[in-house]
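K.L.:
Just passing along the structure, written as structure tokens.
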Amino acid sequence: MPSMLLKVEDVSAGYGRIPVLNGISIEVGRGERVGLFGPNGHGKTTLLRTISGLMRPTHGRITFDGRDITTTAPKDIVSLGLIHVLQGNTLFPRMTVLENVLLGAYSKRAWDDREENLARIYELFPILKQRSRQLARTLSGGQRQMASIATGLMGMPVLLMLDEPTLGLAPKVKDELATAISEIAETGVTMILVDQDIELLLSVCERLYLVERGRVSLETRRGEKISQEDVLEMYFGKAASA
Amino acid sequence: MNALAPILSAALVSGSLYALLASGLSFVWGTVRIFNFAQGALLMIGAYVAWYVTDPSRAGAGLGAGFTAALFALAFGGAVLYLAIVRPFIGRANSDLMVIMTTLAAATFFENGADWVAGPRYKNLPRLATGNIQFSNTAVSMQELIIIILGPSLLLAFAVFLKRAKLGMAIRAVEQNRDAAFLVGIDIRNIYVIVFAVSAVLAAVAGVLYGGEYFITPTMGDDPLLKAFIVVVFGGLGSLPGTVVGAYMIALIESVSRYYIGLYYTPPILFGVLIAVMLVRPTGLLGRAYQ
């Protein structure tokens, strides 16, 4: 069993008085790629926002690399190498692609290596090099998503969390992005991937969690082979696949 | 009689001063999303600090020292103002309304404080340079020429800093997407402190320039604040280019109106123009919609 990089223990969180997470627990081992799926509005995004420090848990504990980060400020979490790429390709719209990507390396840890990482990112997403002088808001949906992921990679992630990177993209663009995500996964970075595209999750991840009503309702075991049928079974219960 | 030269020179002088003060307001609005009603009082404090350090009856250290002292004092003062009366409300419900109250209260407090400390007698800073130069049929004083040049140069330098420097990029990032700024590791709370300090420094520069051109009184910041308010709404809240363009346009309209129509009817005309612009472009000339 690999040593645990991220541990979320019994975490609850919500917006105002509306609870979204109800005692959720997940674990991610070093070098592991873990997928989260489940219906919309059941807490996947909120879980990521709580891990990255954008939201504070009302209960529970989060540890990263042996350190308690439950109440740590987002900038300090980033500087530990825990990088969260937001859902809906949110960039800095009135900045160029290059400025966006460079801001990804804002933390002290990543700033000095920015030129080197930039070259690697242009290799992964050549289109971003072509578009580097263009304002981010003028990019297509797929390009914006690539720029978002590139911004995340510039932070030199130890753990990279991608929130629905293929949301709303055309099938062809989706495939392109899936290939890029697989390539990123092959570099050995630990990854949490949230997506509705089960095929993508299965091709990238070793383990899956089904998140429902703010907690993990099912998970696959380590080392277990997972197929599309297993996932359908997780989603709809035994009867559906029988 | 050719009226163009006097109208234009007056417009350029007040346009530069409005641009300095209004940029601070607009900058704070763009990043922190609050409106700082104490900005005019900061201008006034800048002028007084400069006067106390400069005037032979007080420290007598000369205008250079006075100017420098005003800049440092206001950088510090702006940061303290933010920490004391703005930060406690950030992120709470109705924080924008709360901060209108606290900054208005601070403005009143500062004005009465200045009256109490310095007394009601009008004060005046020495001019940055003496002499006049002839410009068509109008004599422009060196002081006015310095205002005309210094205002836009400073704002240009500021724009270059925002565009090129790492810190400048971080400030723009916070303005454009707060969550994403958090997630690349920007310390937003520090950025807010810096934004307040910078906008207070811009007010201090305007204060020292005003203090050499007009009189220093506890309420000297009220009229410039009102004009700056018109300027930022006219030019587009949060947009630095819009604010600068707005400042010179408002100054020009004001200057023309004062020359041909008179001092008395100029404020209603300015507001009339503002309302007309709002009807056509509710976000101002170069502004964007904020939710």
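A short reminder: the numbers here are calculations on the coordinates, not readings from a lab. Predicted model only: the values in this text are computed from it and were never measured. Cβ coordinates were reconstructed from backbone atoms using ideal geometry, including for glycine residues, and neighbour counts include every protein chain displayed.
K.L.:
Quick one: of the DSSP bridges fully inside chain A, what percent are antiparallel, nearest 5?
P.N.:
Values: 20 of 37 bridges.
For chain A, the DSSP antiparallel bridge percentage is about 55.
K.L.:
In which sequence would A:Glu212, A:Glu164 go, from the one with the fewest C-beta neighbours within 10 Å to the one with the most?
P.N.:
Values: A:Glu212 17, A:Glu164 23.
Ascending number of Cβ neighbours within 10 Å: A:Glu212, A:Glu164.
K.L.:
To the nearest 10 degrees, how steep is helix A:114-124 against the longest Cα principal axis of chain A, on a 0 to 90 scale?
P.N.:
70
K.L.:
Still on this model: Exposed loop chymotrypsin sites (Phe, Trp or Tyr not before Pro) only (DSSP loop, at most 14 other Cβ atoms within 10 Å): please give the longest stretch of chain B free of them, not including the sites. Walk me through the intermediate numbers first.
P.N.:
Details: sites that count: B:Tyr122, B:Phe215, B:Tyr264, B:Tyr265, B:Tyr290.
The longest such stretch corresponds to B:1-121.
K.L.:
Then there is this: Percent antiparallel among DSSP beta bridges with both residues in the protein assembly as shown, to the nearest 5? Mind showing how you got there, number by number?
P.N.:
Values: 25 of 42 bridges.
Percent antiparallel among DSSP bridges in the protein assembly as shown is about 60.
K.L.:
If you don't mind, another one. Whole-Å semi-axes of region B:14-219's equivalent ellipsoid, largest first, each the root of 5 times a Cα gyration tensor eigenvalue? If you can, show how the numbers build up before the last one.
P.N.:
Numbers: eigenvalues 194, 90, 38 Å².
Largest first, region B:14-219 gives 31, 21, 14 Å.
K.L.:
Averaged over all directions, how much area does the convex hull of the C-alpha atoms of chain A cover when projected, in nm²? It would help to have the intermediate numbers written out before the result.
P.N.:
Working: hull surface 52.8 nm².
Its Cα hull, projected and averaged over all orientations, spans 13.2 nm².
K.L.:
With a cut-off of at most 16 other beta carbons within 10 Å, and DSSP calling the residue loop, which trypsin sites (Lys or Arg not before Pro) in region A:79-124 qualify? Please list them.
P.N.:
On the way: sites: A:Arg94, A:Lys108, A:Arg109, A:Arg114, A:Arg120; in loops: A:Arg94.
Listed in order of number, the matching sites are A:Arg94.
K.L.:
Using +1 on the beta carbon of Lys and Arg, -1 on that of Asp and Glu, and nothing else charged, what's the dipole of chain A about the Cα centre, debye to 20? Kindly include the intermediate steps, with their values, before the conclusion.
P.N.:
On the way: 29 positive and 29 negative charges, 161 e Å.
That gives a dipole near 780 debye.
K.L.:
So, one more: Calculate the length of the line joining the C-alpha centroid of region B:47-80 to that of region A:3-29, in whole Å.
P.N.:
Region B:47-80 and region A:3-29 have Cα centres separated by 53 Å.
K.L.:
Is there a pair in A:Lys108/B:Lys166; A:Lys44/B:Lys166; A:Lys7/A:Lys75 whose C-alpha atoms are over 21 Å apart, and which pairs would that be?
P.N.:
Values: A:Lys108/B:Lys166 12 Å; A:Lys44/B:Lys166 33 Å; A:Lys7/A:Lys75 19 Å.
Listed pairs above 21 Å: A:Lys44/B:Lys166.
K.L.:
Now for a separate question. For a quick check, take a GNM of chain B with Cα springs below 10 Å and name the residue from B:Gln134, B:Gln143, B:Gln39 with the largest mean-square fluctuation.
P.N.:
B:Gln134
K.L.:
So, one more: Report, in debye and to the nearest 20, how large the dipole of the protein assembly as shown comes out about its Cα centre when Lys and Arg carry +1 and Asp and Glu carry -1 on their Cβ.
P.N.:
Charge dipole of the protein assembly as shown: 680 debye, to the nearest 20.
K.L.:
Find which of B:Ile146, B:Ala41, B:Ala165 sits farthest along the positive direction of the dipole of region B:14-219, computed with +1 on the beta-carbon of Lys and Arg, -1 on that of Asp and Glu, about the Cα centre.
P.N.:
Ranked along the dipole, the leading option is B:Ala165.
K.L.:
Quick one: Karplus J couplings for region B:185-197, per residue in order, coefficients 6.51, -1.76, 1.60, θ = phi - 60°, nearest Hz, x for Gly and Pro?
P.N.:
Along region B:185-197, the couplings run x, 7, 7, 5, 5, 5, 4, 4, 4, 5, 4, 5, 4 Hz.
K.L.:
For the residues B:Thr243, A:Thr187, B:Thr103, what sequence is obtained by ranking on other C-beta atoms within 10 Å, fewest first?
P.N.:
Arranged by neighbour count, lowest to highest, B:Thr243, A:Thr187, B:Thr103 become A:Thr187, B:Thr103, B:Thr243.
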